[in-house]
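Beneath this line is the structure, given in structure tokens, with notes to follow.
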Amino acid sequence: MRLSSALATTASLTLLTAAALPNAAIAASPANPKIGATAVGYGGAVTSVDSTATAVGLEVLRRGGNAVDAAVATAAALGVTEPFSAGIGGGGFFVYYDARRATVSTIDGRESGPATMTEDIFVDPADHQPYDFPEARVSGLSTGTPGTLATWEAATRKWGTRSLSSLLQPAAKVADKGFTVDATFRQQVADNAAAFGQFESTSDLYLPGGQPPAVGSTLRNPDLADTYRLIARRGTDVFYKGQVGADVVRTVQHPPVAGQPIGTWAYPIRPGTLSRSDLAKYKVNFPAPTTSDYRGLTVYGMSAPSSGGTTVGEALNILEKTNLARTSKIQALHRYAESTALSFADRNRYVGAYTSQAVVKKLLSDSWASQRACQIDPAHALKKPVPPGDLNAQGCTPASVGGPVELGQSTTNLTATDRWGNVVEYTLTIEQTGGNAMVVPGRGFLLNNEMTDFNFTNTQAPASDPNLPGPNKRPRSSMAPTIVLKHGKPFLALGSPGGATIITTVLQVLINRVDLGMTLPQAMAAPRASQRNTAGIQAEPAFHQQYGPGLEALGHTFGPDVAELGAATAIEFTRHGGLIATAEPVRRGGGAAGVVRSHR
Ligand code: GLU
């Protein structure tokens, strides 16, 4: 979503209050897709996919809040304006750099499965076949206990300076007053119309008159405003142990199928077993971040149950064996594709909710990177899928074969920093765009379908699959909120949505910036490609056109092109407190980056 011309300059953005934004902001969106994607300045910054949400976060900073406060307020606003990507019905991963202590910490706010979840939850008992993905997704089976609200609470309690109650208010205001529907929002509804049409609570909100809302119309969500205010008054217990949680559980166990659905849905809508005791027992975790050194930088990422940190880290360690700045562009991209294919093979075999610290350490070790990097031939692409490495072997010893293809375009990401130098990188999601398609009746938010991030059956046979469903288990994620330090100080913070392509997008922006001579805005805008250990590289058309012939000459093949990969946000920290805040100039309708001050 783009900034309007009224918000085109950083300076004007800083003058507006959150309350003034919703109706004014998006309607006047200029044709120029560059507006709003980059802001340069000082004193703090916020970048997200959405101008209203970014403005909410900037306002928190302007009033003296810190990066954590701003991130939580921004995320709450995204729950209103980006409801198909994130919200209190979902989960996410929060990475925090504390400037005073010079430490990086993380919160795992991933959804967890019900206590009753069995390994075969996504296998049809009638024919013993795994459900089709849409059948599994639009069901109560796919919903795990949401972790988003618990993440906000933990972050504000540990590191924030404002109450969660106060940080929910601007978002409640946006939900009450409404915001202007843009083309991206409308398209997301249109893509989900059949699923949304099955549930009255969802179609009442998002299919007014049975159709996706018109571009330029105002969308209000008073139920969500009330839910935010109820939580603000009563605390998060009202969600995890109270009435809101009871409504979540009722929706999962008795999907609110409409008496007269709009459109048809090809599958039965199955109930789930998530219970009030699952919600009452939910806790966020605080895993140690993953770390890897890359050309003098220290890269901090998200550990299990996300595979983001280990996979980005392993690929960087493999890439570090070559001086990418000195090779040709094609050779650098060849190495990039090979490094991710190898790292994805290892991720699929070894990374899941219960991956031990010893395995995380091994995957991120330089010796492991050497064992994997030595398989790369500068003149010929490896045959895909490449097998995972054997953790007990020495040298280049391939084992059996790799894993499934995953692609998503849901989820959202934000980056925030404050005048004290604290930094937040936060990726949050409800899994598919539109989650499980059920708005909790009377509460105004969609439920996640995060449990479908589990593999439905063993993808690693005869070896075991680390990402099969299990009681209370959290599915493996690809979310990769990343903070990079240089000489112990923030240099870059970045993250993206995009399912498993999150990992390659984060990696590609990193190497574009660090190795390939691009500025951060250039690194973000550059065409993307993703090799996740599948036969063909998945690429945006511009990438395929530009680099396809060179890579094909080395034996790479391309799968069908995809219109866009990712919707990243990032902040670079320059000298003397300078900030370059960036969002996507074009992808997902363009994002919104703002700084507190444009001058020192
Ligand atoms: N559920 C996905 C994950 O945790 C993210 C979904 C997406 O970005 O499309 O990796």
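Structure summary
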| read-out | value |
| --- | --- |
| Segment 236-253 - phi-based ³J(HN,Hα) in whole Hz, Karplus 6.51/-1.76/1.60, Gly and Pro as x | 6, 4, 5, 8, 7, 10, x, 5, 5, x, 4, 5, 4, 5, 4, 5, 5, 7 |
| Residue pairs, from the table LYS362/LYS384; LYS321/LYS362; LYS241/LYS283; LYS281/LYS473; LYS362/LYS486, whose Cα atoms sit over 19 Å apart | LYS362/LYS384; LYS362/LYS486 |
| Full-stretch length increase - ALA358, ASP390 - with 0.36 nm per residue and alpha-carbon distance subtracted | 10.1 nm |
| Segment 163-224: mean projected area of Cα convex hull, nm² | 4.6 |
| Exposure proxy order (Cβ contacts within 10 Å, fewest to most) of TRP265, TRP420 | TRP420, TRP265 |
| Global geometry of segment 158-286, whether rounded, prolate or oblate, following the gyration tensor of its Cα atoms and the 1.5 cut on a/c | oblate |
| Net lengthening on full extension, HIS487/ARG575 (0.36 nm per residue, minus Cα-Cα) | 30.4 nm |
| Scaled radius of gyration (Cα, divided by 2.2 N^0.38 Å) that segment 227-357 gives | 1.62 |
| Rounded if a/c under 1.5, otherwise prolate or oblate - segment 437-494, Cα gyration tensor axes | oblate |
| Ranked list, fewest to most other Cβ atoms within 10 Å of each Cβ, for VAL244, VAL46, VAL95 | VAL244, VAL95, VAL46 |
| Built amide H within the under 5 Å cut-off of LEU492, gap 5+ | VAL484, PHE573 |
| ALA99 long-range amide H proximity, modeled H, under 5 Å | ASN422, VAL423 |
| Cα pair distances of segment 95-180 binned at 10 Å [whole percent] | 13, 27, 25, 22, 12, 1 |
| Only Lys, Arg (+1) and Asp, Glu (-1) charged, at Cβ; the chain dipole about Cα centre in debye | 1880 |
| Integer Hz, Karplus 6.51/-1.76/1.60 couplings in order for segment 196-209, x for Gly and Pro | 4, x, 7, 10, 4, 4, 7, 5, 4, 7, 10, 10, x, x |
| Length added when fully stretched, ALA183-LEU297, from 0.36 nm per residue minus Cα-Cα | 37.1 nm |
| Whole-angstrom gap from segment 303-333 to segment 350-394, using each part's C-alpha centre | 12 |
| Ranked ILE571, ILE107, criterion: other C-beta atoms within 10 Å, fewest first | ILE107, ILE571 |
| Cβ crowding within 10 Å averaged over residues, with 125-133, 187-195 ranked highest first | 187-195, 125-133 |
| Kirkwood Rh, Cα atoms: Rg over Rh of segment 290-375 | 0.97 |
| Phi-based couplings in Hz for segment 90-95 (Karplus 6.51, -1.76, 1.60; Gly and Pro marked x) | x, x, x, 10, 10, 10 |
| Prolate/oblate/rounded call for segment 456-536, Cα gyration tensor, a/c under 1.5 rounded | prolate |
| Under-5 Å amide H pairs with SER306, H placed in peptide plane, nonlocal only | SER477 |
| Rg/Rh for segment 75-221, where both radii come from Cα atoms and Rh is the Kirkwood radius | 1.04 |
| Whichever aspartates and glutamates have a C-alpha closer than 12 Å to that of LYS158, once near sequence neighbours (fewer than 8 apart) are set aside | ASP69, ASP98 |
| Dimensions in Å of segment 490-600 - Rg and Dmax from alpha carbons | 15.1, 51 |
| Separation of alpha-carbon centers, segment 477-527 and segment 245-291, rounded to whole Å | 32 |
| Positive-end residue of GLY488, GLN187, LEU333, charge dipole of the chain with Cβ unit charges | GLY488 |
| Relative contact order (%) - segment 38-196, alpha-carbon pairs under 8 angstrom, separation at least six | 24 |
| FRET efficiency estimate (nearest 0.05) - Cβ-Cβ, ARG270 to ARG233, R0 30 angstrom | 0.30 |
| For the chain: relative contact order, % (alpha-carbon pairs under 8 angstrom, 6 or more apart) | 25 |
| For the chain, alpha-carbon Rg relative to the globular expectation (2.2 N^0.38 Å, N residues) | 0.89 |
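Read the figures in this text as sums done on the coordinates, not as results from a lab. What you see is a predicted model; the values in this text were computed from it and never measured. Quick reminder, even Gly has a Cβ in these numbers, built from the backbone with ideal geometry, and neighbours come from all protein chains shown.
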